[in-house]
Each structure stands twice: as C-alpha cells, then as structure tokens.
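A short worksheet on the structure shown next.
Each reported figure results from applying straightforward, stated rules to the coordinates on display, with no laboratory input. Values in this document were obtained by computation on a predicted structure and should not be read as measured data. So basically every Cβ, Gly included, is an ideal-geometry build from the backbone, and we count neighbours across all protein chains shown.
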Amino acid sequence: MALNAGLTTIHEDDIAKHQAAAQSLVTRMVIIEADDPGAKSALAGTGRRFISTVSSTPTRRTREVELARTIQSIPPGDPLMTIAQHTLLYRARRGLQIALAIADVFAEQTDLETLKSRNASAPLAGDEATRFKSLLAASAYIAAFTFSAYLGVKIDGETEPVNDTHEPDFLFDTPQDALKSLISGLDKAIAGSPDETAMTARAKAFVREALEGLISRKARFTSLASFENTHIRIDQDDFDLNGFDVAPGTKRKPLVMSFKKPNEIIGNHIAKYQALKLAKMLMAYDFDRQMNPFVELGGFLFTFIGDGNPGTGKTILIQMIAGLLNDYCEVAGYAFHYENFGVDQISSYQGKSGQNAKEFINNVMSPRAIGFGTIDDIDQVAAKRSDDRASAGQQEVTAVLMESFAGASTVVRGNCSFGMFSNYPENVDDALRQRAGARWLVDGPQTRDDYIDIFALLAGKNHRIPLGDHELFAAQQIQKAVSEAYSSYTRPQEEGLRAVWDTFEKEIGAVKTLADIGTYLHRIKQAEPRFTGRAIKNITDAIKMRTMDVELPDEWFETPESFMHKPYDEKKAMIEALRGPITIDIVLQEINRYADSEFRYTDKSDDAAVSEIIRRERQREKAIREIETMKKDGRWQV
C-alpha cells in the first residue's frame, strides 16, 4: 500500500518486533552528545553562568542514559513505581516501537530499504550515496516526529506549563540515533522532579519543545514529500498520524449536548438559513483529498460572528448546528468534533491561556474529522489589544485567534468552521472581529407572527387555549422568510449607513456598475474608517456564498453514497451545477448587511461611552451637592 493512498494501518506484529530495541533504549543506553550550555555552574552570589573565554566550540562526550531508573527515582526511596511513573515509561517504550515501525514502512515504500541492503554489502558512491543519506535522514526525522507526536497525545494530566525545559540535541543520522537523542532529552527534562505531577508537566513541556524544534527543522530534509499526505492508524492505541500535522488531538469524548431542530428556532431567519447551509457545506469535505469543493468554488464559511441581545437565541443556534453535523456525520460514518472555548480556559499562569487556545484550534482543525468550534462571549475571552485592564491571558488568546483565523500559516481545508458569539461585539478587538468572514445578526423573534409562534412552541400542547386568527409557523417557512429578510437589506438599516446611501443616490443615482460599487464602498470607508480591505474580502466571500445559495437536497445526506462518499471531482461537479450568477441585488444586500454591522458596532460603542460620561457627570454633581451640605453642617474638612 502506498503511503499517500488513503489510510495506512500499522499491524501489531510490525510494532511488536521492535520491543527489544525499544526496551534497551529506555533501560540503558550510551549516547554521544554536546555539553548542555545551560548546565554550567552559577557564579557564587550572582544569577549568572560562567562562560569560558578559551573556546566557543561545544565539546561532545559520551553519556549513559537510564530513563527507567530516572523515572523510578521520582520521588526517591520508593522501589515501586506509581501509576503515573509506569504510564510515562510504558508510553515512552511504546512510542519508540511505533516510531521504529513507521520508519520501516517509510523505508519499504521508498528506495531506502533497497539502498540500505546494497550499502551493507558494498559502500554506495556518487548519486546513490547522496540519495541514501537523504532518505536515511528523512527516516530519522519521521521516527523523531512520530515519537514526539505519540507522547504528546498519550501523556495525560492537566498540569500548569513548565518553561525551563530545552529541546534535545537532535541527531538525524539514523532513526535509532534520533530516538536516542529524544530519550536523552526526556531524561534530562524530568530528572530531579520533586513528584510525579511535576514529572508529567516537564515531560509534556519537553514534548512540546521537541515538536517545535522538529517543525522548525523540517525544511532541511529533502525526502519528506511522500510522507506529507500520509494517514497512519494504530488501532490498539487509538492513535492517528496525519503527515506532519502538529499535534494530533487528544482522544475525543462522545459529544454530550442538547441538540435543537431548525423548527425549534423562531425568528433569526438569515442566521438560521446560513447555519443550515454551513452544516451541509462542511459535509462536502473530502477526506482523501483533504479539501472541500466549496473552498475551491468559493463561498466557504470558515469564521463568522453572531451578535445580538441576551436571550435572542445564540446558544440554541449553536445547538442546532452541532445537532445537524452530528446527525450527518453519523450517517456518513465520519468523526465529528465540537468544542467550545470559554472563560474557564483563561489561566493566571503566563503562556497557559495561549496554549489552551492553540490546542482548541488544533483539535477543531484536525483534518481527519468534521469540526465545529465556538467561542461564546468572545468579548470576555479575547481582549482588545488597547485594553489596559485586560489580563495577559486574554491578550494571549486574542493573538492566537488572530493568527489562526487569518495568519500567514492558516490553511483552510473546509472540514471545520469557527463561530464567535457575543452580546457586545463592539468590545471585541477590531482586527479580530474583521477576521469573521460573515456577520449573523441574532435578533430573535421580531414580528407579531414570530411571538405567537414562539409562545405556542414553548407552551407545548397541555392546554385548550384556542389558536385564534393565525397560521401556526407559516412565517417560519425558511425560503420565504429568508427572501424577505435579504430583501430588507436592499437599503441600509443603520442610520449612519443610510446617510451615506442617501447622499450617494442624490449625487450619482442607482448603483449599476462596478465603478458605482467601488465608489459606494469608498464612501462607506470615509464614514467608517474600520471598513478596510479585509471588509471588502469578507463581502466578496459572502457574495460568492450567495451565488452558492442553493439548497443542497436533503436526499444527498440521507445515505453516504448519494453525495458524501462520492469522489471529490464528482462532488464538486454536483455542487457547481447548482451555482447561480452574481447579481447587483446580491452585491448591494451583502455590502449593506456587512456595513450595517460595522455601523451598529460603532453606534453601540459610542452609546456605551456616552452613557459612561453621563454616569460620571451625575456622580460628580451628586458629590458636589453632598460636599455643599457637609460644608453647611461644618463636617467638611480640607
């Protein structure tokens, strides 16, 4: 089986044959490595290290490493290991076995195995020797990465971060040398730990350092291309390795959640409609190609922000999307991962909040599952960078989310989506808010019909009160409701944007050409400075989504074979056949919807500032009156 042809399963027999070699590495081994520059003795009375002026070249010397003994001596004096100690030792040995087995598979599927056999009988020369050295180094790198990724997933325990561990002195001559350097580094990291909790924390920190070091060195290896799209599965350990994706998420728990059906949401027509589309859009993801046709065709919704007053239905909207995705994934046999990032993951320890946020992003973005991530009350979780009162943890989360949603290394595959929700979106950092590709106004029930429908729904059927002159749920018919909701944005709704629109119509007339559209956008920019180039990108993405504003038939999702399990190109063709053209009405509606949200956020922010000024002035006047009273009574002392 070729490494890049779908899922490769490593059988237990192939892992078991490396047990003796792995056992020897964790029991006792000898390694030649550079002196640790951080191990120099501190000068008495100072916090500085002694640095020799004789030579700057590090010396290399042999070192005996006995990982099992180091683990057993934490804490010293107990001949038996605790569960945590035994787990770390067992996981280290098991990780070594798996790393050696995967290195063997790489050798079998490339020229390495043949070249190794020929080199054993007679040394290779010329291009063959260069090729052999390159493949052997790549094999060593893969072994080191596999071991680190395995330990990263399998070391349990919620511990606070450790920042004084160092990456190992990497060796990439052979897979065995690479693994020796990692075992030596792990041994140094945990040596002297006061207890098993500290040992686990230091082991996790070391693995993180090792993975970061490996990723930074990946470009040095020229023979890794065949491993990039590899998907390896170890059933006994429930461990997946997907190329060099860092770091594979922890074992996911079954989703426990109160799901809601679309008919249980009253009002919020556009938000509900786009949520329905988003769920079906995610299910078009192709696991073999690791791409979604909607990403290629345009209109994929990677990030969005939902805002509205408390009690308007943001939570129930999350429950609806998660419920739809969970049902679709059960039909298709796909893994589904939902995760919320909340205020409980903000830590007082420096760096921990950022680590939590990055782990949340990595878990949701895992290419081997359909993912949906939410950040509820994002105004409390992520702070404005200009907010002096925000904690360091909130600032860390803001930085991680900005880099992850639209950073230089962001890769949108189309298997996941992130939703940010807030009652006060004006308090979210401008740059982070603009990374939301879509704006959902979650305003709840609005019309008389909406309020009749929501009361009838929530009251249930245990009554004999007549319905009266009303057709129950007729106003909630999604296509009709959405059409009316979209048409309402043919003209702006916010006062600030309406002034721009009216001035434009008086001076230029109706919007008919691309030049007219550009002029209108420029005038919005003049009225609202935060309406930047990123806003234009978000609007054009929304327009593309509207051209894909087709209802993927429900029959496509009733059986896996109808759509979800079809080849990528066939799925793409099925979707493309439904695509409609871009019209001037769609363009204006999406411009006005997006710009309305920016003006709405500005107005809310201004209103809050005005209210604060009024409150302070009232306090000042009250204080003046009380001071005057105290002066009259002789109680005022300066």
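Computed on the range 376-424, with alpha-carbon pairs under 8 angstrom and 6+ residues apart, the relative contact order is 48 percent. Per-peptide packing, taken as the mean over residues of other Cβ atoms within 10 Å, places 495-508, 360-373, 117-130 in the sequence 360-373, 495-508, 117-130 from highest down. On the beta carbon distance between residue 391 and residue 121, with R0 = 60 Å, the FRET formula returns roughly 0.40.
Peptide packing: for 392-399, 109-116, 214-221, the average count of neighbouring Cβ atoms within 10 Å per residue gives the ranking 392-399, 109-116, 214-221, highest mean first. Highest mean packing first, where packing is the average number of other Cβ atoms within 10 Å per residue, the peptides 435-442, 350-357, 71-78 line up as 435-442, 350-357, 71-78. Gain on full extension, evaluated as 0.36 nm per residue between residue 463 and residue 83 minus their Cα-Cα distance, stands at 130.9 nm.
Could you calculate, for the range 355-421, the ratio of the Cα radius of gyration to the Kirkwood radius, expressed as Rg to Rh? That ratio equals 0.99.
Under the convention that each Lys and Arg Cβ holds +1 and each Asp and Glu Cβ holds -1, the size of the dipole of the range 328-453 around its Cα centre is about 540 debye. You can think of it this way: the chain between residue 108 and residue 536 has 149.1 nm of extra reach, that is 0.36 nm per residue less the Cα-Cα gap.
What is the calculated FRET efficiency for residue 191 to residue 510, with r their C-beta to C-beta distance and R₀ = 51 Å, to the nearest 0.05?
Numbers: r = 76 Å, r/R0 = 1.48.
The computed FRET efficiency comes out at 0.10.
Derived scalar couplings between HN and Hα for the range 174-189 equal 9, x, 5, 5, 4, 5, 4, 5, 6, 5, 4, x, 5, 4, 5, 5 Hz in order, rounded to whole Hz, by the Karplus curve 6.51 cos²θ - 1.76 cosθ + 1.60 (θ = phi - 60°), x for Gly and Pro. Of the cross-linked pairs 512/572; 384/525; 180/352; 218/352; 180/358, those separated by over 24 Å at the C-alpha level are 512/572; 180/352; 218/352; 180/358.
Between residue 30 and residue 309, the contour length at 0.36 nm per residue exceeds the Cα-Cα span by 94.0 nm. Taking a quarter of the surface of the Cα convex hull of the range 386-473 gives a mean projected area of 10.2 nm². Taken one residue at a time, the phi angles of the range 63-79 give Karplus couplings (6.51, -1.76, 1.60, θ = phi - 60°) of 9, 8, 10, 10, 4, 4, 5, 4, 5, 5, 7, 10, x, x, x, 9, x Hz. Gly and Pro are set to x.
The amide H of residue 286, built 1.01 Å from its N in the peptide plane, has 291, 292 as neighbours under 5 Å, considering only residues 5 or more places off or on other chains. Cross-link partners of residue 133 among aspartates and glutamates, defined as those whose alpha carbon lies under 20 angstrom from its own and excluding same-chain residues fewer than eight positions apart: 104, 108, 111, 113, 169, 173, 177, 228.
With the alpha-carbon atoms of the range 80-233 aligned to their principal axes, the span from lowest to highest coordinate is 53, 29, 28 Å, starting with the largest.
Put simply, the amide H of residue 443, placed in the peptide plane, has neighbours under 5 Å in 268, leaving out anything fewer than 5 places away on its chain.
What FRET efficiency would be calculated for the residue pair residue 236, residue 61, taking the C-beta separation as r and a Förster radius of 35 Å, to the nearest 0.05?
Numbers: r = 39 Å, r/R0 = 1.11.
Working from the Cβ atoms, E equals 0.35.
Evaluating 6.51 cos²θ - 1.76 cosθ + 1.60 at θ = phi - 60° for every residue in the range 15-21, the Karplus couplings come out as 7, 4, 5, 9, 5, 4, 5 Hz, glycine and proline recorded as x. Close amide H contacts of residue 375 (hydrogens built in the peptide plane, cut-off under 5 Å, sequence separation of 5 or more or a different chain): 341, 419, 420, 421. Among residues other than residue 125 with Cβ under 14 Å from its Cβ, the summed charge is +1 (Lys and Arg +1, Asp and Glu -1). Based on Cα contacts under 8 Å between residues 6+ apart, the range 312-376 shows a relative contact order of 39 percent. Note that the range 297-354 shows a convex hull volume over its alpha carbon atoms of 165 Å³ per residue.
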